[in-house]
Amino acid sequence: MAEVSLAQVRKIYPGGFEAVKTVDLAIEDGSLCVLVGPSGCGKSTLLRMIAGLETVTEGTVTIGGLPVNDREPAERDIAMVFQSYALYPHMSVYDNMAYGLRNRRTAKPEIERRVREAAGLLDIEAMLARKPRQLSGGQRQRVAMGRAIVREPKVFLFDEPLSNLDAKLRVQMRIELKRLQRKLGTTSIYVTHDQLEAMTLADQLVVMNAGRIEQIGTAMEVYEKPATTFVASFIGSPPMNLIPAASDENGQYFGETGSRILRLRSSAERIVVGVRPEDIHLGEAHPGEATEPDSVAFTVEVSGVEPIGAESLVHGHTGQGHDLTIRVPGYAEFGAGRKLMAHASPKTLHFFDAGNGRRID
Amino acid sequence: MVERRPYLTVLTHLTLILGAGLIALPVWIAFAASTHEASDFLSGLMPLLPGDKLVENYWKVLAHGESSAGAPPIGLMLFNSTVMALSIAVGKIAISLLSAFAIVYFRFPLKMAAFWIIFLTLMLPVEVRILPTYEVVAGLGLLNTYAGLSIPLIASATATFLFRQVFLTIPDELTEAARIDGAGPMKFFRDILIPLSRTNIAALFVILFIYGWNQYLWPLLVTTDASHYTAVMGIQRMVAVPDSEPLWHLIMATAILAMLPPVVVILLMQRLFVQGLIEQEK
Ligand SMILES: Nc1ncnc2c1ncn2[C@@H]1O[C@H](COP(=O)(O)OP(=O)(O)O)[C@@H](O)[C@H]1O
Ligand SMILES: [Mg+2]
């Protein structure tokens, strides 16, 4: 068990590309930290620096209080699960799991005990004699996890371990992985580009973009108070609606929705107003109809409806032509071109500085 | 191309039978000739049907050799050929595996230079550098030794390239998993790379064994003593006897015997190929 911390860590690849730009991160002992961000944002690079598979250009990686920059991966007491599983094709499941222990000269009975125990935990006891090619994708995934578990490391590192599975299995393995991590209590760092996977797994969610950390917090903190427009548009599905707004001569802000919104204590000239699809409520458009006294109302012209089962996504645009997505319960039957009245409570609005994308509270 | 037309099937089979016959014919002639007695060749024609001297001829070749041509018993020549072919095959594979390993997995100064130097040897086969190589081998006192027969033929750019390509197809994540599992470089080489290249090693072994077995010019140069004659050059010596007709029945028996070891190697390795093809999954 160990906490992991990154202090002023940077990575510049030999070609001169800066994949990770000065990152600070502290991960508590026993917690599950998820790094999430779009493809190419440097998540894997960061994880691989913790694993020791990439050198650290600047800064310090600490595991369990010890700086590990100069240690080989095998000396860092970590175990990693790869996206491709990286099982040794010519070895049986048992040997795949035992290989790392044998290299550490663990006693045979101890290896046997640990492999059987991990196999039991993962429900792959019946497959110990098989070769990886005789297993399904889900089973291979379990073996890859088993190989990490038998090592009893200080830290588990996962690089998109579920992305090669089909959707149903992915959800199942996600739940199982969380359960296992709780049970073993091992500090874990998990990389994914899937925000839903990230939200459901994370004790600590780290949102990354273009080599930087945009926000660190619990899943709900990040969801409820996105620190930047990037986080707002990345976390949540469908993403938050972001509508540019500007002040008028009285210092009041007007969203480009054709509607007035509250004054903000901010010096920003131009701002962006964010509202989640589920925070917008729809009604029939009756000009002049009184709405909730302090709610923001605007008209929306429907361009299409996507029914997704228990709810529907209504796509439309405001009077000023800004695209919006609204989530409504049940099956919404709005024809294209239909004009609706939308309103949102001011409490549900998020404000960002249009210049640097930062949240304004 | 899956076409179900009967006349096409007949045609393809005819072509195949014709091709197989064309290749098998010389072997058959050699075999038929090896079962006759010397007098049957005086007409200058090769008999097409087997004679009745099979046991006698083969016994003679195996036990005594054709002493008049200065060739040792075939057993010794086959042994020499086997030693040479095995040394070449094993030596080439070992050296190529190691050099490909170095080129793919290590960063060292002048790596590219080393790579190109290996590449250059591709343009310098033994036949081209035969005189300087002979000088070196003679200078080292390796004439009439197994080392002299095989070492100059061992360096191989082709095999190095082949293994380089094989290693390049092994996913990086596998290498990284092994690193995390605490496998040092040589351990990784032994436990992961070699088993994963198994089928390629087998294929190359067959090719190199036959290459070594069929060497003619080089053994002819470096062996002056009958104790180190190889089968292929021995046969040539038997044909080129001065002042008498070549003893075709014995020559052909020797040729048939000399063909057997490569055949055995192919048959043994073929099983490994097929097994490898079924098992392999990359
Ligand atoms: N070995 C490398 N050399 C140069 N650039 C690299 C290397 N590996 C990754 N990169 C670049 O670094 C960036 C981050 O990569 P990565 O960490 O793999 O992203 P991801 O968040 O998708 O896992 C990408 O733009 C990628 O092209
Ligand atoms: Mg990645």
> If we scan the stretch B:12-34, do we find a residue that is among the hydrophobic types (A, V, I, L, M, F, W, C), touching a Phe, Trp or Tyr at 6+ places or on another chain (Cβ under 6 Å) and closer than 30 Å to B:Thr223 by Cβ?
Replying inline: yes
> Got at least one residue in the stretch A:103-110 being of a type in the set (A, V, I, L, M, F, W, C) and either within 13 Å of another protein chain (Cβ to nearest Cβ) or not in a loop (DSSP other than H, G, I, E, B) (or both)?
Replying inline: no
>> I'm checking my understanding of the structure. Among residues of the stretch A:44-65 that are within 15 Å of ligand 1 (Cβ to nearest atom) and among the charged types (D, E, K, R), which one is nearest to the other protein chains (Cβ to nearest Cβ)?
In response: A:Arg48
> Can you tell which of A:Asp194, A:Asp203, A:Asp248, A:Asp159 is farther than 30 Å from A:Ile12 by Cα and either touching a strand residue (DSSP E or B) at 6+ places or on another chain (Cβ under 9 Å) or at pLDDT below 95 (or both)?
Replying inline: A:Asp248
>> Just the residues that are touching a helix residue (DSSP H, G or I) at 6+ places or on another chain (Cβ under 6 Å) and within 13 Å of chain B (Cβ to nearest Cβ), please, taken from the stretch A:116-131.
In response: A:Arg130
>> Consider the stretch A:1-35. How many of its residues are among the hydrophobic types (A, V, I, L, M, F, W, C) and out of contact with any strand residue (DSSP E or B) (no Cβ under 7 Å at 6 or more places or on another chain)?
In response: 1
> Under the condition of being more than 8 Å from every other protein chain (Cβ to nearest Cβ) and of a type in the set (D, E, K, R), which residue from the stretch B:144-188 is surrounded by the most Cβ atoms within 10 Å (Cβ to Cβ)?
Replying inline: B:Arg164
>> Residue pairs, Cβ under 7 Å, 6 or more apart or interchain, first in the stretch B:244-260 and in contact (Cβ under 8 Å) with a residue 24 or more places away in the chain, second basic (Lys, Arg). List them.
In response: B:His249/B:Lys53; B:Leu250/B:Lys60
> Out of the residues in the stretch A:169-186 that are farther than 18 Å from A:Gly137 by Cα and touching a helix residue (DSSP H, G or I) at 6+ places or on another chain (Cβ under 9 Å), which is farthest from ligand 1 (Cβ to nearest atom)?
Replying inline: A:Lys183
> What residue, of A:Arg182, A:Arg142, A:Arg133, A:Arg170, is in contact with a Ser or Thr (Cβ under 9 Å, 6 or more places away or on another chain), assigned to a helix (DSSP H, G or I) and of a type outside the set (Asp, Glu)?
Replying inline: A:Arg170
> Is at least one residue of the stretch A:92-101 surrounded by fewer than 22 Cβ atoms within 10 Å (Cβ to Cβ), in contact (Cβ under 8 Å) with a residue 12 or more places away in the chain, in the same structural domain as A:Asp29 (by TED's automatic domain parsing) and in contact with a helix residue (DSSP H, G or I) (Cβ under 8 Å, 6 or more places away or on another chain)?
Replying inline: yes
> Looking at the stretch A:66-99, which of its residues are among the charged types (D, E, K, R) and either under 11 Å from B:Leu174 (Cα atoms) or at the interface with chain B (Cβ under 8 Å from one of its Cβ atoms) (or both)?
Replying inline: A:Glu72
>> I need a count of the residues in the stretch A:39-80 that are away from ligand 2 (no atom under 16 Å from the Cβ) and either outside the structural domain of A:Glu160 (by TED's automatic domain parsing) or part of a loop (DSSP other than H, G, I, E, B) (or both).
In response: 13
> Which residue pairs have Cβ atoms under 9 Å apart, sit 6 or more places apart or on different chains, and have a first residue in the stretch A:156-170 that is more than 10 Å from A:Phe82 (Cβ to Cβ) and of a type in the set (A, V, I, L, M) and a second that is within 16 Å of ligand 1 (Cβ to nearest atom) and not in a strand (DSSP E or B)?
Replying inline: A:Leu162/A:Gln83; A:Leu162/A:Asp194; A:Leu162/A:Glu197; A:Leu169/A:Leu162
> A:Glu176: in the same structural domain as A:Arg133 (by TED's automatic domain parsing), in contact with a strand residue (DSSP E or B) (Cβ under 8 Å, 6 or more places away or on another chain) and of a type in the set (Asp, Glu), yes or no?
Replying inline: no
>> Consider the stretch A:21-38. How many of its residues are farther than 14 Å from A:Ser188 by Cα and away from ligand 2 (no atom under 13 Å from the Cβ)?
In response: 4
> Counting just the residues of the stretch B:176-219 that are among the small types (Gly, Ala, Ser) and assigned to a helix (DSSP H, G or I), which one comes out nearest to the chain's Cα centre (by Cα)?
Replying inline: B:Gly212
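Results for (1) surrounded by fewer than 16 Cβ atoms within 10 Å (Cβ to Cβ); (2) under 26 Å from B:Leu97 (Cβ atoms), shown as yes or no for each residue.
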| site | (1), (2) |
| --- | --- |
| B:Trp213 | no, yes |
| B:Thr224 | yes, no |
| B:Ala231 | no, no |
| B:Met238 | no, no |
| B:Val241 | no, no |
| B:Ser244 | yes, no |
> Is it fair to say A:Tyr190 is within 16 Å of ligand 2 (Cβ to nearest atom) and either more than 21 Å from A:Ala51 (Cβ to Cβ) or buried (at least 22 other Cβ atoms within 10 Å of the Cβ) (or both)?
Replying inline: yes
> Of all residues in the stretch B:45-86, which are at pLDDT 85 or above, crowded, with 18+ Cβ neighbours inside 10 Å and either hydrophobic (A, V, I, L, M, F, W, C) or touching an Asp or Glu at 6+ places or on another chain (Cβ under 8 Å) (or both)?
Replying inline: B:Leu76, B:Met77, B:Leu78, B:Met84, B:Ala85, B:Leu86
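The values are calculated or read from the model by the stated rules, or taken from the named source; none is laboratory data. Being a predicted model, the structure only gives us computed values, none of them experimental. For neighbour counting, all protein chains shown are included, and Cβ atoms are generated from backbone atoms with ideal geometry for every residue, glycine included.
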